[in-house]
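Heads up: the structure comes next, in structure tokens.
The values are calculated or read from the model by the stated rules, or taken from the named source; none is laboratory data. All of these numbers come straight from a predicted model, not from anything done at the bench. Reconstructed Cβ throughout: ideal geometry from the backbone, glycine too, with neighbour counts over all protein chains shown. Each accessible area value is taken on the protein alone, full model and side chains, heavy atoms only, with ligands, DNA and RNA left out. Shrake-Rupley method; radii C 1.70, N 1.55, O 1.52, S 1.80 Å.
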Amino acid sequence: MHYAESQPEVSFREEPNRLICSGFSQSDFQAAQTMMFAIEEINRNDALLPNVTLGYRIYDVCHTYFQATRTALSMTTGIGITANRCSPFPLVAAIIGGMWSTQSIAVARLVGVFNMPVISYFSSCACLSDKHNYPTFLRTIPSDLFQSQALVQLVNYFKWTWIGIISENNDYGQDAVGLFKNEATKSGICVAFSEIIPTVSTQGKVYQIVKKISIYKVKVVLIISTEVSVGLIIREVYQQNITGIQWLASEAWSTSTLFSNEQAYTHFGGTIGFALRKAKITELTSFLLNIHPYQQNTNPFIVELWEDIFNCSYHSKNNTAKNVCTGLEDLNGTDNVYLDVQNLRISYNVYKAVYAVAHALHNMFSAHEEINFSLKDMFSPWKLVRYLKRVNFTTAAGDKVSFDQNGDPYPSYDLVNWQKESKTYVFAHVGEFSQDENFRLDENIIVWQGSQKEVPISVCSTSCLPGSRRAVQPGRHSCCFDCISCEDGKISNESNSLECMKCPLEYWSNPSKDRCVPKNLEYISFKETLGSVLLGGALLGVILTICVVNVFTYYRYSPIVRANNLDLSFCILFSILLCFLSSITYLGEPSAPFCMLRHTGFGITFALCMSCVLCKTIVVIAVFNVQHPDSNLTSLFSSTKQKVFIFLSTTFQIVVCIAWNILSPPHPVKKITQDSFSISLECDTGSLVAFSLVLGYIGVLVCVCFTLAFCARNLPYHYNEAKFITFSMVIVSAVWITFIPVYLSSPGKYLAAVEMFAMLFSSYGLLICIFAPKCYIILFQPDKNNKKYMRSRPGLRRD
């Protein structure tokens with residue numbers, strides 16, 4: 001009924017200090033009245049405990065464990081009540097209490113020695129479920145183990161990962177905090193700080209506890225404490241003007257009416273917490289109203305209730321600040337905690353505890369009704385404990401009451417929210433938690449701190465969006481992290497991913513790194529810049545070649561054209577034209593026909609070109625070394641024999657290419673690498689031997705042609721064809737010597753680009769070096785296009 005003003009000195013002295021209590025509690029008195037109501041209701045019930053009348057003893061322990069222990073010892077042994085002698089039988093059948101876990105721990109340890117049952121209506125410490133240490137303890141309030149699970153589900157539901165905890169320095173607070181932390185760790189919830197309200201509190205210590213809220217920048221704070229200790233935190237929150245915090249309340253203070261005022265609502269409005277299930281008890285209101293101070297001889301607490309409700313005193317001389325109580329005051333017209341039967345939670349647990357004892361006694365007596373024993377003969381505390389554990393009944397409110405093997409009831413809670421309706425403060429029912437149905441709530445009717453409608457956010461670090469991963473900050477909680485974008489080729493499709501996943505081999509990460517998309521097919525497209533440049537270069541070569549052909553055709557009777565063997569010149573121009581055209585096959589998406597055409601077309605056309613140039617070189621050397629027109633050397637290189645030579649020289653390359661395409665032709669392949677964003681479409685050479693033969697044969701032709709042309713480079717005439725051929729072979733040789741290492745080191749589509757560039761550069765080298773001087777003379781110096789100039793030696797002066 002009261003709270004202890006000071007802790008008495010507990011020692012082995014003969015006369016210890018007297019316990020001083022004050023601060024009358026209307027809620028405790030309502031619980032005591034509910035117990036008396038339940039006992040009287042049972043005594044009137046002919047079906048339950050017929051011919052047996054229950055009695056009771058009510059003690060005020062001032063919320064202290066040592067007074068609770070002393071009282072329990074008195075009820076068990078009779079010491080202090082029956083002339084300081086041990087009674088042969090316990091004075092009571094069962095003890096209902098204590099209220100707080102610390103009291104129940106002390107009482108249960110003591111009376112457990114005597115096998116006396118203890119049923120608590122408000123002690124929720126999970127430690128009391130240990131039947132080895134507390135074999136006779138039962139309760140009608142769920143264990144904190146279930147409340148911790150419910151709190152973790154609540155925090156997870158609203159995605160709060162950064163919270164602070166303030167707890168009371170007793171078994172209830174510390175055990176509940178330990179359970180919550182264990183459950184929170186499994187769910188990825190980080191506890192920013194965990195502070196304990198000291199038993200002997202100081203202003204500085206409480207200040208530091210509340211200051212931690214600002215230091216750690218938490219927006220959600222869980223307080224696991226009784227309303228007495230919570231009051232210290234409340235006052236300090238007022239002084240530091242801490243606002244914008246979403247408070248979570250344990251069942252011990254979630255429905256406390258001590259803070260239902262405007263100042264409290266400013267800082268704690270929107271508080272959400274779990275509370276004991278409430279119920280209505282029929283006719284309890286009339287029983288609570290049926291009291292009067294004249295009953296103080298049988299109930300000494302009525303006078304204190306009267307004085308507390310009506311703010312008066314029966315002892316006006318001792319307290320002149322109050323009015324004198326007349327006894328005519330009307331309880332029916334008052335609004336107070338004592339008469340609040342709309343939120344029966346603790347009192348309803350007392351009601352269930354009384355009925356549990358009654359049903360256990362009824363079942364025990366019924367089992368012995370055939371034997372004519374007296375109640376004292378058949379009653380034994382350990383028997384009552386056994387029958388209590390088997391109790392299973394339904395209250396008038398429709399709630400089933402039973403105990404599991406640990407003496408705990410079926411767990412269920414109401415989720416309440418501190419709201420303001422007009423000028424009244426209510427604990428709005430916004431959800432429920434039960435072991436079977438788990439967690440249910442109506443988020444739309446919840447009012448958050450500061451009367452907000454949006455769920456507050458409490459995180460140490462903002463969630464990492466898909467496309468990034470979490471990197472824990474060294475030395476800090478796991479909830480404090482940096483967000484790092486996934487590497488190329490990796491994705492994360494969920495928020496707060498710890499790792500980025502690699503995409504499959506044929507997929508790559510999209511720009512936002514949140515999903516894998518098919519890799520781009522990489523090849524030289526006509527539309528891209530590189531493809532357009534190469535195509536333009538090939539087409540320009542085709543146009544220039546056609547232009548040279550037209551010039552030679554138009555001036556085919558001119559001395560310079562006739563002197564250069566028109567047939568060989570056209571053959572070379574035709575092969576150069578084919579080289580330019582075959583290079584175009586390196587553009588576009590590779591396919592089987594195009595791959596075959598790329599390599600074999602290049603090999604045949606370039607071999608044809610080199611054969612023509614070689615034939616021309618041989619002819620030039622032969623012509624300039626002939627001493628007589630009828631020489632046999634001249635007959636060896638007639639026009640027909642030149643064509644046969646070119647045909648035979650090219651036939652070898654044609655045979656190799658045909659065999660290549662039949663046995664192991666070039667074919668398109670996909671080159672895929674894990675660290676590339678694209679799939680390279682390339683033409684695999686197929687047979688490496690055939691590819692080497694093709695290139696090798698061209699190399700032989702180039703070397704032979706270069707050697708012959710180099711030997712004839714100093715022919716003593718103005719127009720030296722061998723010199724131009726030498727220049728072209730130097731360019732071709734340089735290009736293909738450079739081509740080999742570049743080709744081997746080029747990745748993806750650039751492999752085809754290098755090959756095409758080498759073809760174009762070689763073709764341009766042949767076209768320009770061999771035919772540009774001739775075209776220049778024909779078009780821009782026609783006066784030199786005569787036999788006399790061509791046959792004159794550069795070292796001789798002409799008069």
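Scanning the range 91-107 turns up one or more residues that are closer than 26 Å to Gly407 by Cβ, in a loop (DSSP other than H, G, I, E, B) and modelled with pLDDT of 90 or more. Counting the residues of the range 123-146 that are touching a helix residue (DSSP H, G or I) at 6+ places or on another chain (Cβ under 6 Å), open to solvent by 10 Å² or more (accessible area, probe 1.4 Å), under 29 Å from Ile189 (Cβ atoms) and touching a residue at least 60 places away in the same chain (Cβ under 8 Å) gives 0. The single condition among (1) modelled with pLDDT of 85 or more; (2) within 26 Å of Leu648 (Cβ to Cβ) that Leu708 does not satisfy is (1). Look at Glu432 and say whether it is over 23 Å from Trp162 (Cα atoms), in contact (Cβ under 8 Å) with a residue 12 or more places away in the chain and in a loop (DSSP other than H, G, I, E, B). Against the criterion (over 23 Å from Trp162 (Cα atoms), in contact (Cβ under 8 Å) with a residue 12 or more places away in the chain and in a loop (DSSP other than H, G, I, E, B)), Glu432 does not qualify. How many residues does the range 612-654 contain that are open to solvent by 90 Å² or more (accessible area, probe 1.4 Å) and either modelled with pLDDT of 65 or more or among the hydroxyl-bearing types (Ser, Thr, Tyr) (or both)? Of the residues in that region, 7 qualify. Restricting the range 481-504 to residues that are hydrophobic (A, V, I, L, M, F, W, C) and crowded, with 18+ Cβ neighbours inside 10 Å, the residue that is farthest from the chain's Cα centre (by Cα) is Cys503. Taken together, the residues in the range 657-694 that are outside any strand (DSSP E or B) and either at pLDDT below 85 or open to solvent by less than 20 Å² (accessible area, probe 1.4 Å) (or both) amount to 12.
Here is a list: Gln149, Gln174. Which entry is under 24 Å from Ile446 (Cα atoms) and either assigned to a loop (DSSP other than H, G, I, E, B) or open to solvent by 10 Å² or more (accessible area, probe 1.4 Å) (or both)? Even if it seems obvious, please write down each step before you answer.
Values: Gln174 fails: under 24 Å from Ile446 (Cα atoms).
Going through Gln149, Gln174 in turn, just one is under 24 Å from Ile446 (Cα atoms) and either assigned to a loop (DSSP other than H, G, I, E, B) or open to solvent by 10 Å² or more (accessible area, probe 1.4 Å) (or both): Gln149.
Evaluate the following for Leu581: is it within 55 Å of the chain's Cα centre (by Cα), modelled with pLDDT of 85 or more, within 21 Å of Glu755 (Cα to Cα) and open to solvent by 40 Å² or more (accessible area, probe 1.4 Å)? No; evaluated as a whole, the condition is false for this residue. Go through the range 470-495 and give me each residue that's within 28 Å of Ala192 (Cβ to Cβ) and in a strand (DSSP E or B). Matches in the range 470-495: Arg470, Ala471, Val472, Phe481, Asp482, Cys483, Ile484, Ser485. Residues in the range 254-263 include at least one that is open to solvent by 10 Å² or more (accessible area, probe 1.4 Å), modelled with pLDDT under 90, in a loop (DSSP other than H, G, I, E, B) and not polar (S, T, N, Q).
Residue count for the range 411-423, restricted to those that are free of Cβ contacts under 8 Å to residues at least 60 places away in the same chain and either surrounded by 21 or more Cβ atoms within 10 Å (Cβ to Cβ) or of a type outside the set (Asp, Glu) (or both): 2. Contact map, the range 693-704: residues that are at positive phi and among the aromatic types (Phe, Trp, Tyr) paired with residues that are outside any helix (DSSP H, G or I) and surrounded by fewer than 20 Cβ atoms within 10 Å (Cβ to Cβ), Cβ distance under 6 Å, separation 6+ or inter-chain. No pairs are found. Of everything listed in (1) open to solvent by 20 Å² or more (accessible area, probe 1.4 Å); (2) farther than 30 Å from Arg515 by Cβ, the single unmet condition for Ile457 is (2).
Answer yes or no as to whether Val191 is assigned to a helix (DSSP H, G or I) and under 25 Å from Gln449 (Cα atoms). It is false that Val191 is assigned to a helix (DSSP H, G or I) and under 25 Å from Gln449 (Cα atoms).
What residue, among those in the range 264-284 that are assigned to a loop (DSSP other than H, G, I, E, B) and hydroxyl-bearing (Ser, Thr, Tyr), is modelled with the lowest pLDDT? The extreme case among them is Thr282.
Residues being closer than 14 Å to Ser611 by Cβ and in contact (Cβ under 8 Å) with a residue 12 or more places away in the chain: count how many of those fall in the range 638-655. Total satisfying the criteria: 9.
Among the residues of the range 386-407, is any among the aliphatic types (A, V, I, L, M), within 30 Å of Leu344 (Cα to Cα), at pLDDT below 90 and in contact with a Ser or Thr (Cβ under 7 Å, 6 or more places away or on another chain)? Explain how you work it out, then say what you get.
We begin by selecting, within the range 386-407, every residue among the aliphatic types (A, V, I, L, M); these are 388, 391, 396-397, 401.
Then drop every residue that is not within 30 Å of Leu344 (Cα to Cα), which leaves 388, 391, 396-397, 401.
Then drop every residue that is not at pLDDT below 90, which leaves 396-397.
If we keep only those that are in contact with a Ser or Thr (Cβ under 7 Å, 6 or more places away or on another chain) as well, we get 396.
Within the range 386-407, one or more residues are among the aliphatic types (A, V, I, L, M), within 30 Å of Leu344 (Cα to Cα), at pLDDT below 90 and in contact with a Ser or Thr (Cβ under 7 Å, 6 or more places away or on another chain).
One residue stands out among those in the range 301-334 that are open to solvent by 80 Å² or more (accessible area, probe 1.4 Å) and modelled with pLDDT of 85 or more: the one that is nearest to Ala396 (Cα to Cα), which is Asn332. Evaluated against (1) open to solvent by 10 Å² or more (accessible area, probe 1.4 Å); (2) free of Cβ contacts under 8 Å to residues at least 40 places away in the same chain; (3) within 23 Å of Cys479 (Cα to Cα), Val200 falls short on exactly one condition, (3). The numbered conditions (1) open to solvent by 80 Å² or more (accessible area, probe 1.4 Å); (2) in contact (Cβ under 8 Å) with a residue 24 or more places away in the chain; (3) under 19 Å from the mean Cα position of the chain (by Cα) are all true for Arg476 except (2). Among the residues of the range 148-192, those that are touching a helix residue (DSSP H, G or I) at 6+ places or on another chain (Cβ under 7 Å), of a type outside the set (Gly, Ala, Ser), within 16 Å of Ser225 (Cα to Cα) and modelled with pLDDT of 90 or more comprise Leu151, Ile165, Ile166, Glu168, Asp175, Leu179, Phe180.
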